[in-house]
Structures are given as structure tokens and as C-alpha cells.
Amino acid sequence: MKITVIGGGNMGGALVKGWAKAGMASSLTVTAHTQQTLDRLVETCPGITAMLDNSRAVKDADIVVLAVKPWLVEQVIAEIKPELKGKLLVSVAAGVRHERIDVYVMPNIAAEFGESMTFIEEAAKAETAVELFGKVGQCKIVPQRLMNAGMMMAGCGIAYVMRFLRAMMEGGVEMGFYPDEAKTIAMQTMQGAVTMLRETGLHPEAAIDKVTTPGGITIKGLNELDHAAFNSAVIRCLKAGMK
Ligand SMILES: NC(=O)c1ccc[n+]([C@@H]2O[C@H](COP(=O)([O-])OP(=O)(O)OC[C@H]3O[C@@H](n4cnc5c(N)ncnc54)[C@H](OP(=O)(O)O)[C@@H]3O)[C@@H](O)[C@H]2O)c1
């Protein structure tokens, strides 16, 4: 199956790198606005095909993945339309709808490392998208009404998790660790927490009970988070993009 990614930027580039790592390099073609972006991708992913000409890139594809900025979607579809017949057109552009798009997909940039959380909108060809995006992480097919929520939790969610991690680092530095040490500690703690939930299936509050001694220090920290309205801040953060 030949895949063409139109727009090898942050998201398109992450998909290309993830698929290349999954052994698909020889089936991948990528385009961009500048040669510089293509050169960088070819250097990282030997074996892929890269070109500036969108129409030519689409010609032999079975699946075309649109990964340009939302405001360019209309223009790019008009440009490649003559070559699109019989091809599956998948778009990862946030919030843009177009009659020619077959499947709407919302991955995140952890696709580069095979760890995307990808939402795929219910559609006749959704399963084909699951097959493709399943190579770079977990996929979930959802109705259209949940696509934005998926984008906020997983697409944008990467940024929110980074903020939490940075906050932990800053606390660590204030208490005496060097930034690199604080980063390693915060990342390993986060990874440990995620692995614990994955392995045990516990609800986060049940996992919290395992760490929290009555009258101890963990509860003091948890209550400080509550006083600072941490839960509310996270919920408001996720809902901020749900207009
Ligand atoms: N970033 C994320 O985490 C994320 C997550 C989910 C969905 N998305 C969606 O992914 C899309 C791209 O976002 P992004 O963050 O990856 O943006 P980006 O980093 O700016 O990437 C856009 C890419 O499109 C290329 N491009 C511009 N005009 C083009 C054209 N006419 N033909 C072909 N390629 C063209 C650019 O080329 P040059 O590099 O040469 O300028 C660039 O590589 C957006 O619609 C966004 O909603 C992004």
C-alpha cells in the first residue's frame, strides 16, 4: 500500500518518521512547501520519497494523508483533485471539513515514536485508517461529536502533559536538583504511574490510596493541589478548545 503525506511538518513529519520506523519507508512519499523540510526528512528516514510537487506525489498513492495547516486544505485539495480518483483521502487537519475527505483522523506527534493516541471519525473506510495509524500507536474510532474532545485530550494533550512535567521539574529544581536530574525524575515518575495503571487496571484514586499514608506527607501535597484548584484547571484546559 502506497502512502503519500502532503505536508511533512510537525504532524506529517512525525507520521512519516513513525511509519518509516515501522518498516514502511519504501511505501512512503512526502511533500512540503520547502526543499529544506524534505531534505531533513530524507536524512532521518532513508528510503522515503520526497518531492515538492503535490500532484506528482499523489499519482501512484493508494492513501493520501493531508497534513497541511487547516487554512491550506481547500487549496491543496483543489490542486491534487485530478489525481485523487479511487484514492483514500485522509485528513489530520483540525476542524476542517471538505466533501472530498474520506476519513477524518486526529493523531498526535508521539506517532514518531509509535505512541500516538489517534482518533478516527466513524466512516465507511475508518478501518483502513485504523490499519495505517495503528502502526504508530493506539487508535479509537469515535463519532464526529467526540473528535474535538479527542483532539483536546490527545492531540493538544501532549502539550498539557509537558506543562505538568515542567511544573514538576521546577519544583524539583527549587528543592535542590539540577534541571536534567529533575527532568529524569519527573519522566520516570510519570512513566511509573502510567505503567502502574496499565498493569493493574486501577482507577487513579485507588492508586493514590496506595501512596497516601493517613496523616502523612502525600496527602499534604494532594490537598495543596486541591486548594490550587488543580482538577478544575485541567478540566477547564481541556474544555477551552470545545467551542
Ligand atoms: N502539530 C500537532 O501536534 C498536530 C496534531 C494533530 C493534528 N495536527 C494538524 O496537522 C496539520 C499540520 O500541522 P503542523 O503542526 O504539522 O504544521 P507545520 O509544522 O507547519 O507543518 C505543515 C507542513 O505543510 C507544509 N506545506 C505548506 N504548504 C504546503 C503545500 N502547499 N503543499 C504541501 N505542503 C505544504 C509545510 O512545508 P514547509 O515545512 O516546507 O514549510 C510544513 O511542512 C494541521 O492541520 C493541524 O491541525 C497537528
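The values are calculated or read from the model by the stated rules, or taken from the named source; none is laboratory data. Not measured: the values here are computed from a predicted model. Here Cβ is always computed from backbone atoms with ideal geometry, including for glycine, and neighbour counts include all displayed protein chains. SASA here: full protein model, heavy atoms, side chains in, ligands and nucleic acids out. Shrake-Rupley method; radii C 1.70, N 1.55, O 1.52, S 1.80 Å.
Net charge within 14 Å of D62 by Cβ-Cβ distance, Lys/Arg positive one each and Asp/Glu negative one each, not counting D62 itself?
After counting each charged neighbour, the total is +1.
For the chain, set up a GNM with springs between Cα atoms under 10 Å and report which of A193, A14, A129 has the largest fluctuation.
Among A193, A14, A129, the largest GNM mean-square fluctuation belongs to A193.
Considering the alpha-carbon set of the range 54-100 alone, what are its Rg and its Dmax in angstrom?
9.9, 28
Over all Cα pairs of the range 157-239, how is the pair count split among 5 Å bins, expressed in % and running from 0 up to the last occupied bin?
Spelled out per bin, shortest first, that is 3, 12, 16, 24, 27, 15, 3, 0.
Please give the length that would be gained between D39 and F177 if that part of the chain were fully extended, namely 0.36 nm times their separation in residues minus their C-alpha to C-alpha distance (nm, one decimal).
Taking 0.36 nm per residue and subtracting the Cα distance, the gain is 45.8 nm.
Give me the aspartates and glutamates in straight-line cross-link reach of K220: C-alpha distance below 14 Å, same-chain residues under 8 apart excluded.
Within reach: D209.
Keeping all protein chains in the complex and leaving out DNA, RNA and ligands, what accessible area do you get for M169 with a 1.4 Å probe, in Å² to the nearest 10?
40
Springs between alpha-carbon atoms under 10 Å, Gaussian network over the chain: tell me which of P204, P82, P143 tops the mean-square fluctuations.
Result: P204 has the largest fluctuation of those listed.
What spacing in nm lies between the two simple spin-label points modelled at Q144 and Y160, each 7 Å away from Cα in the Cβ direction?
2.4
Which distance in Å, rounded to a whole number, links the C-alpha centroids of the range 10-27 and the range 49-106?
17
For n ≥ 4 DSSP H runs only, could you compute -39500 (n - 2.57) per run for the chain, divide by its residues and tell me the 222 nm figure to the nearest 500?
The helix-only estimate for the chain comes to -14000 deg cm²/dmol at 222 nm.
Helix hunt in the chain: which complete DSSP H runs extend at least 20 Å axially by C-alpha with mean Kyte-Doolittle at least -0.5?
What comes out of the filter, once short or polar helices are dropped, is 157-174, 179-200.
Could you sort 22-35, 151-164 so that the peptide with the highest average Cβ count within 10 Å comes first and the rest follow in order?
22-35, 151-164
Between K220 and R56, what is the spin-label point distance in nm, taking each point 7 Å from the Cα along the Cα→C-beta axis?
6.7
Put +1 on the Cβ of every Lys and Arg and -1 on every Asp and Glu Cβ in the chain; which of G18, H33, A193 then has its Cα farthest towards the positive end of the dipole?
Ranked along the dipole, the leading option is H33.
Which whole-angstrom value gives the distance between the alpha carbon centres of the range 112-150 and the range 160-230?
29
Could you work out the percent of alpha carbon pairs in the chain separated by over 35 Å, rounded to a whole number?
Roughly 26 percent, rounded to a whole number.
Could you list log10 I(q)/I(0) for the range 3-143 at q = 0.11, 0.15, 0.16 Å⁻¹, which the Debye formula gives when each Cα is one point scatterer?
Listed by q, the Debye log ratios stand at -0.33, -0.64, -0.74.
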